[in-house]
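The values are calculated or read from the model by the stated rules, or taken from the named source; none is laboratory data. All of these numbers come straight from a predicted model, not from anything done at the bench. Neighbour counts run over all protein chains shown; Cβ positions are idealised from the backbone, glycine included. Just so you know, the surface numbers come from the protein's heavy atoms only, side chains and all, with ligands and any DNA or RNA stripped out. Shrake-Rupley method; radii C 1.70, N 1.55, O 1.52, S 1.80 Å.
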Amino acid sequence: MNWDINVLNKKKSFAPKILFAAVVLALSVFLLIIFTAPVKNFFHNISFPLQKNFSSMGKNGSSWLGSVLNSSDAQQENEILKQENEKLLAKISDLQSIQEGNQALSAISQSCQENNFTTVMAGITGLNDQDIVSINKGSDDGITEGVPVIDQNNVLYGKIYKVFKDFSQVMLISSKNSAINAQAQRDIGSEAANGIVKGSGGLSIYLDLVPVNLDLQNGEILITSALDQTFPKNLLIGKIYQVDKNDQKPFQQAQIDPFFSLDQVENLFVITNYKAGQ
């Protein structure tokens, strides 16, 4: 009997606890239902910027890596294209040189026929500060010292200065050691104007020793004279652009714009069969 009473008392003591626990549980469920959305929204608001930044960082990283790879590929392609372009330009340059050489040969052939000249075409390979040009033909090609050097238009460049086995040096008419008998190109019957064309260095020339009583005009063309024993007559030299005349002096001078141009020609012609005084 006493045992039953004790059991009953224990059950009565647990009842409030169970009821309390049930109330707490119900209240917790109620609060959870009420505050679930705000809590989720709160954590969402906190985490969303971070997620967005990480997502942006991922995209940017992927984009950066892609751009780096694309840039590397583009650089390789540009380098290949550059090399191919350089090869094409070299081929074009070679073709142009061949074409210019053929045109020069065609132009000089008529002059050679008219004057009975035998010429050797030579390429320009260098220029020093003494107005000496190197060409790629020498004694093996029939070149000898002292013979004239012209271009396809009969413009006088100078004469062979030194000859080696497979190259030669040309003293330009602008060399300070150069002096050429020249005359103004005038109509037959007009008063002749003769003088000496001298080199002043630096690819420049001037006319000297023209009697002061002779009339010189700007724009007159100078050619080699028949008095010259080094060069054939009627080779083109240059054009007068300034006359320096003083009546108190016996001779006058003139500044000349030379016709030869190393910038616009690649090939010269050596007149191998011309002899001084011919």
Q: Could you state the accessible area per residue of the range 181-278 in Å², with a 1.4 Å probe and every protein chain left in place?
A: 53
Q. Which far-off residues, 5 or more places away or on another chain, put their amide H under 5 Å from the one on Ser178, with H placed in the peptide plane?
A. Gly199
Q. Non-local amide H neighbours of Gly146 (under 5 Å, H modeled in plane, Pro and chain starts lacking H): which ones?
A. Ile160, Tyr161
Q | Vicinal HN-Hα couplings computed from phi for the range 206-211 (Karplus, 6.51 cos²θ - 1.76 cosθ + 1.60; Hz; Gly/Pro x) | A | 8, 9, 9, 6, 9, x
Q | Those trypsin sites (Lys or Arg not before Pro) in the range 205-278 that DSSP places in a loop and that have at most 11 other beta carbons within 10 Å | A | Lys275
Q: Report ³J(HN,Hα) in whole Hz for each residue of the range 152-167, in order, from the Karplus equation J = 6.51 cos²θ - 1.76 cosθ + 1.60 where θ = phi - 60°; Gly and Pro get x.
A: 5, 9, 6, 7, 7, 9, x, 9, 5, 9, 9, 10, 10, 4, 10, 7
(Q) Under 5 Å between amide hydrogens, which residues at least 5 positions from Phe164 or on another chain qualify, with H placed 1.01 Å from N in the peptide plane? (A) Ser139, Gln169
Q. Carbon and sulfur together cover what percent of the accessible area of the range 107-209 at a 1.4 Å probe radius?
A. 42
(Q) In whole Hz and in residue order, list the ³J(HN,Hα) couplings for the range 224-235 that follow from phi through the Karplus curve 6.51 cos²θ - 1.76 cosθ + 1.60, θ = phi - 60°; x for Gly and Pro. (A) 5, 9, 5, 6, 6, 9, 9, 10, x, 6, 6, 7
